[in-house]
1. Quick check on packing: order 34-46, 60-72, 78-90 by the mean number of other C-beta atoms within 10 Å, highest mean leading.
2. Is region 30-90 rounded, prolate or oblate when judged by the Cα gyration tensor, a ≥ b ≥ c being the square roots of its eigenvalues, rounded requiring a/c under 1.5 and prolate requiring a/b larger than b/c?
3. How many nm separate the modelled label positions at S116 and E90, each set 7 Å beyond the Cα in the direction of the Cβ?
4. How far apart, in nanometres, would the label points at I135 and E59 be if each is projected 7 angstrom from Cα along the Cα-to-Cβ direction?
5. Among rounded, prolate and oblate, which fits region 47-147 when a ≥ b ≥ c are the square roots of the eigenvalues of its C-alpha gyration tensor, a/c under 1.5 means rounded, and a/b larger than b/c means prolate?
6. Given Cα pairs under 8 Å that are at least 6 residues apart, what percent is the relative contact order of region 10-147?
7. What accessible area, in Å² to the nearest ten, does a 1.4 Å probe give for I126?
8. Counting only residues 5 or more places away or on other chains, whose amide H sits under 5 Å from the amide H of E61 once H atoms are built in the peptide plane?
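The values are calculated or read from the model by the stated rules, or taken from the named source; none is laboratory data. The structure displayed is predicted, hence computed values, not measured ones. Backbone-built Cβ (ideal geometry, glycine too); neighbour counts: all protein chains shown. What goes into the accessible areas is simple: the full protein's heavy atoms, side chains included, and nothing from ligands, DNA or RNA. Shrake-Rupley method; radii C 1.70, N 1.55, O 1.52, S 1.80 Å.
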Amino acid sequence: MKRLLFATALVLAAAAPAVAADKVHHLALQISDESPEKMTTVLNNAANVARYYSEKGEEVEIRIVAFNAGVNMMRTDKSPVLERLKSVTESLPNLTLEVCGNTLDGMAHRENKKVSDIPLFAGSKIVTAGVVELIELSEKGYTIVRP
């Protein structure tokens, strides 16, 4: 009986690293500021985290959630970091860009436009509310970071 327990323990111990290696990390980066420096920091954080886990042979899913003035980062007509945004999104297939629908509604109203007339960076996903999205991502196990 002791041999069976010992053998089972060895099998479980050997499997533990494989289970850990299959883990997918989850990061949500918040951008709610209009500061180009903060926007650049968010993009740099995404690239650095992706590189770190890639070098370890591990996966990471990254979401950038923009609301309030941070939505300007995703607007192709206003983004002060458009070239960096292009570069980062091209190199990170595991990156999702999310834009607050509430903020877009307010912007459209102030600019006398329809939401559909606000040019967003290709592939941006409109979510109902940026803060709600962050809450729900946190509940799904994402680590939320506001640089």
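1. On the way: 34-46: 17.9, 60-72: 22.3, 78-90: 16.3.
Answer by packing, highest mean first, reads 60-72, 34-46, 78-90.
2. Numbers: a/c = 2.53, a/b = 2.02, b/c = 1.25.
Since a/c reaches 1.5 and a/b is larger than b/c, the shape of region 30-90 is classed as prolate.
3. Those two pseudo-labels are separated by 3.0 nm.
4. Each label point is offset 7 Å from its Cα along the Cβ direction, giving 2.9 nm.
5. Values: a/c = 2.71, a/b = 1.55, b/c = 1.75.
Here region 47-147 falls in the oblate category.
6. On the way: 209 pairs, mean separation 41.8, N = 138.
Rounded, it is 30 percent for region 10-147.
7. Ignoring ligands and nucleic acids, I126 comes out at about 90 Å².
8. Under 5 Å from the amide H of E61: H25, H26, L27.
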